[in-house]
Amino acid sequence: MKTRRLTKKEMWIFAIGQLGWSILSGIVTTWLVTYYLPTESSVKEGALFYVPTGLIIFGALTILGLITFICRIFDAVTDPWIASLSDRSKNPKGRRIPFMKRAAVPFAIVTVLIFFAPLGVKEGEPTSPLNIVWVLVTLILFYLFMTMYCTPYNALISEFGKTQEDRMFISTAISLTFFFGTLLAYLPFALAGMLRSMVPYAWSYRIWFIVLAVFALICMLIPAFKLNEKDFVDAKPSESNAMKSLVKTFRNREFRKFSLSDIAYWIGLTLFQTGLPFFVTVSMKLDESNTMLFMGGMTVLSACFYPFVSRLVAKFGKKKLVICGFLGLALAYVITALIGTVPFLTGMLPGILIVIIAAFPMALLGIIPQAIVADVAEQDSIETGEKREGMFFAARTFAMKLGQSVAMLVFTSLAVLGTSQDLKSNDLKASAEGLRIVAIAAVIFCVLGAVILAAYNEKKVMDTIQSRKE
């Protein structure tokens with residue numbers, strides 16, 4: 001069957017799907033800890049406690065940390081399983097889009113349900129075990145449906161990107177929609193206050209989560225119904241089962257190097273995204289609405305650099321730019337760690353500096369890594385004769401979720417250090433000292449990611465791809 005390249009318009013239609021799922025991912029990344037580990041100011045406004053917030057697991061971990069750890073074990077099974085099902089699919093409508101159609105609705109619903117733990121209590125009162133079960137079950141389902149949508153979706157990046165030009169354009173488009181989706185997930189910081197006089201504190205956020213989830217669902221369904229996968233892809237289904245395919249994927253030495261650096265990236269990025277509301281309210285001592293202002297400024301400024309990334313890649317290659325992105329992001333986190341220790345880093349100034357410094361690295365790290373995965377998947381298919389894009393992108397999805405979960409575990413454990421409160425208290429809140437330690441941890445992970453990626457052999461990958469064209 002003869003296939004064709006996507007037009008630029010069709011590439012943007014595809015990218016709208018990423019806008020949808022990044023909103024849902026952003027809601028959980030931004031709000032899981034913020035909602036279930038309320039700050040002192042939010043408690044005064046009516047925030048309730050749903051799960052214990054103290055370090056009650058081995059004296060070092062929180063309940064949320066344990067929950068994310070359990071989700072990682074679950075993901076270790078489901079990510080390669082879904083990827084294998086997609087790679088092996090013989091559905092006449094395609095290997096990827098049918099999965100996306102089935103996953104979109106439950107993905108959106110479960111995202112909202114995470115924040116509907118039923119039994120909230122006031123500060124100092126014991127929380128119900130039912131809430132722990134609620135958060136655990138809904139978060140496991142969230143990651144399941146996220147995998148069902150994102151793994152097939154990401155596999156299409158390589159299959160739709162038939163040339164390096166197409167691949168970079170698609171990576172740029174989905175990076176842009178990813179950051180704008182993440183930005184939209186911050187909207188409740190700016191909008192919840194207008195509802196607080198009419199509804200309880202929790203509902204002032206839940207209402208906006210519902211609105212965002214409905215919009216995200218529409219976005220996720222647009223490429224699923226507007227693009228006919230068979231018009232662009234005519235791939236032979238893989239014959240390998242999940243475990244065999246996973247083993248083959250990680251036999252690729254360059255992919256192993258990239259994956260380790262990618263995990264470090266997601267830990268560093270998520271520590272910042274999760275911590276931003278706390279850096280604003282606790283470290284900078286500003287109103288929480290400024291969280292949206294800083295994130296919006298960073299997203300818009302980062303988008304201004306997007307047109308230049310492809311040209312920079314053509315001149316310097318992907319590897320060098322990603323390493324620069326890691327180090328630039330680390331510098332922004334250094335500024336974050338210095339808040340409150342340097343006299344002039346007070347008020348709005350540190351937030352403005354972080355926005356300016358982080359914008360360009362965010363553009364580099366938002367676009368290029370997806371293109372690297374597509375490159376390695378193509379290189380592997382040339383060398384093995386088997387197209388397993390789903391498994392390669394499943395590994396990246398797993399790296400993202402692993403990084404996010406480790407970051408949430410690290411954040412909830414470190415953010416409360418340095419406080420005068422009982423660390424096993426049921427209503428423990430973040431401290432400025434703990435947040436400084438979180439920022440330092442983010443710096444370490446970003447530098448680690450740069451060091452690991454330095455071993456990636458980009459020349460070998462690109463030479464293999466070029467050899468097929470010749």
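One table, with the values for the structure above:
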read-out: Selection count where residues are assigned to a helix (DSSP H, G or I) and either hydrophobic (A, V, I, L, M, F, W, C) or within 26 Å of A432 (Cα to Cα) (or both), scope region 341-384; value: 26
read-out: L260 being assigned to a helix (DSSP H, G or I), touching a helix residue (DSSP H, G or I) at 6+ places or on another chain (Cβ under 9 Å), open to solvent by 10 Å² or more (accessible area, probe 1.4 Å) and without any contact (Cβ under 8 Å) to a residue 60 or more places away in the chain; value: no
read-out: Residue satisfying all of: in region 241-270; farther than 18 Å from V406 by Cα and hydroxyl-bearing (S, T, Y); modelled with the highest pLDDT among these; value: T249
read-out: Residue pairs meeting the criteria (Cβ under 6 Å; at least 6 apart or on separate chains; first farther than 13 Å from P80 by Cβ, in region 390-403; second open to solvent by 10 Å² or more (accessible area, probe 1.4 Å) and not in a helix (DSSP H, G or I)); value: none
read-out: Residue match in region 66-78 (condition: open to solvent by 60 Å² or more (accessible area, probe 1.4 Å), under 19 Å from the mean Cα position of the chain (by Cα) and free of Cβ contacts under 8 Å to residues at least 60 places away in the same chain); value: yes
read-out: Region 344-389, residues that are without any contact (Cβ under 8 Å) to a residue 60 or more places away in the chain and either at positive phi or among the hydrophobic types (A, V, I, L, M, F, W, C) (or both); value: F344, L345, L349, I352, L353, I356, I357, F360, L364, G385
read-out: Residue in region 45-54 that is acidic (D, E), open to solvent by 10 Å² or more (accessible area, probe 1.4 Å), over 23 Å from I170 (Cα atoms) and in contact with a helix residue (DSSP H, G or I) (Cβ under 8 Å, 6 or more places away or on another chain) present; value: yes
read-out: Residue list for region 145-165, restricted to those being within 16 Å of the chain's Cα centre (by Cα) and among the hydrophobic types (A, V, I, L, M, F, W, C); value: F145, M146, M148, C150
read-out: Positions within region 279-302 being surrounded by fewer than 17 Cβ atoms within 10 Å (Cβ to Cβ) and at negative phi, in sequence order; value: D287, S289, V300, L301
read-out: First in region 212-236 and among the β-branched types (V, I, T), second anywhere and surrounded by fewer than 22 Cβ atoms within 10 Å (Cβ to Cβ) and not in a helix (DSSP H, G or I), Cβ under 7 Å, 6 or more apart; value: V233/T3
read-out: Residue in region 11-28 that is modelled with pLDDT under 85 and crowded, with 23+ Cβ neighbours inside 10 Å present; value: no
read-out: Residue in region 308-331 that is surrounded by the most Cβ atoms within 10 Å (Cβ to Cβ), counting only those that are over 21 Å from the mean Cα position of the chain (by Cα) and among the hydrophobic types (A, V, I, L, M, F, W, C); value: V313
read-out: Hits in region 340-360 - residues which are farther than 15 Å from F294 by Cα and open to solvent by 10 Å² or more (accessible area, probe 1.4 Å); value: G340, T341, V342, P343, F344
read-out: Subset of region 447-461 (residues that are outside any loop (DSSP other than H, G, I, E, B) and open to solvent by less than 50 Å² (accessible area, probe 1.4 Å)); value: G449, A450, I452, L453, E458, V461
read-out: Members of region 94-114 that are part of a loop (DSSP other than H, G, I, E, B) and modelled with pLDDT of 95 or more; value: I114
read-out: Helices (runs of 4 or more DSSP H) contained entirely in region 115-218, each with at least 2 residues that are open to solvent by 50 Å² or more (accessible area, probe 1.4 Å), under 30 Å from L6 (Cβ atoms) and not β-branched (V, I, T); value: 164-185
read-out: From the options F305, F255, residue that is touching a helix residue (DSSP H, G or I) at 6+ places or on another chain (Cβ under 8 Å), open to solvent by 10 Å² or more (accessible area, probe 1.4 Å) and part of a helix (DSSP H, G or I); value: F305
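The values are calculated or read from the model by the stated rules, or taken from the named source; none is laboratory data. Keep in mind the model is a prediction, meaning the values are calculated, not measured. No Cβ is skipped: glycine too gets one built from the backbone with ideal geometry, and neighbour counts run over all protein chains shown. These accessible areas exclude ligands, DNA and RNA; they are computed on the full protein's heavy atoms, side chains included. Shrake-Rupley method; radii C 1.70, N 1.55, O 1.52, S 1.80 Å.
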